[in-house]
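The values are calculated or read from the model by the stated rules, or taken from the named source; none is laboratory data. Fair warning: this is a prediction, and the values are worked out from it, not measured in the lab. Ideal geometry is used to build each Cβ from the backbone, glycine not excepted, and the neighbour counts take in all protein chains shown.
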Amino acid sequence: MKRWWAWALAAVAGAAAAQDPCPHSSEVRQAEMIGQWRAEFDDAKLSGTLLLEKHPTYAQSLSGTIDRGGGRLPVSGDVEDGEFTLEESADGVRISGTWLGEVVQGSCGREIRGTWSVDGEGKDARAFVLRKQ
């Protein structure tokens, strides 16, 4: 019986050690970013759902849409060394908003905090939080 318990404890400990640890914020890459995110702002009309996918042209970049309930806008960007950059476009051509943030350490790549600004020029800057769904 004691051998069985020792074996069971060793199996549990081995399984726990085999699981991937939470990556450091600087180690978060495109693969961890892919999926649906909730974008939260103090101003509820800016909040919405962000869908990120692999960019069709740039191998390590992201593309997708932001849906604020009034329509979807295309977005594209990347994450590198824990720094998140995303650009959105109201017309599909020009940048209408820029997201600059950092992956929150200890969030396992599931939370980003930063600033969103109109036209990427720092105008009307608003704090945001992205949480992976």
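Quick notes on this one:
- Any chance Arg38 is modelled with pLDDT of 95 or more, within 17 Å of Arg131 (Cα to Cα) and surrounded by 13 or more Cβ atoms within 10 Å (Cβ to Cβ): yes
- Some residue of the stretch 54-63 being closer than 16 Å to Lys132 by Cα and in contact with a Gly (Cβ under 6 Å, 6 or more places away or on another chain): yes
- Filter result (touching a residue at least 60 places away in the same chain (Cβ under 8 Å) and part of a loop (DSSP other than H, G, I, E, B)) within the stretch 111-133: Gln133
- Given (1) over 12 Å from the mean Cα position of the chain (by Cα); (2) within 17 Å of Gly101 (Cα to Cα); (3) modelled with pLDDT of 95 or more, index of the condition Asp67 fails: (2)
- Beta carbons closer than 7 Å, at least 6 apart along the sequence or on distinct chains, pair a first residue in the stretch 71-99 that is of a type in the set (Ser, Thr, Tyr) and surrounded by fewer than 19 Cβ atoms within 10 Å (Cβ to Cβ) with a second that is modelled with pLDDT under 95 and not in a strand (DSSP E or B) for Ser89/Ile95; Ser89/Ser96; Ser96/Ala90; Ser96/Asp119.
- Any hit, the stretch 80-89, residues being under 21 Å from Asp119 (Cβ atoms), touching a strand residue (DSSP E or B) at 6+ places or on another chain (Cβ under 6 Å), not in a strand (DSSP E or B) and not charged (D, E, K, R): yes
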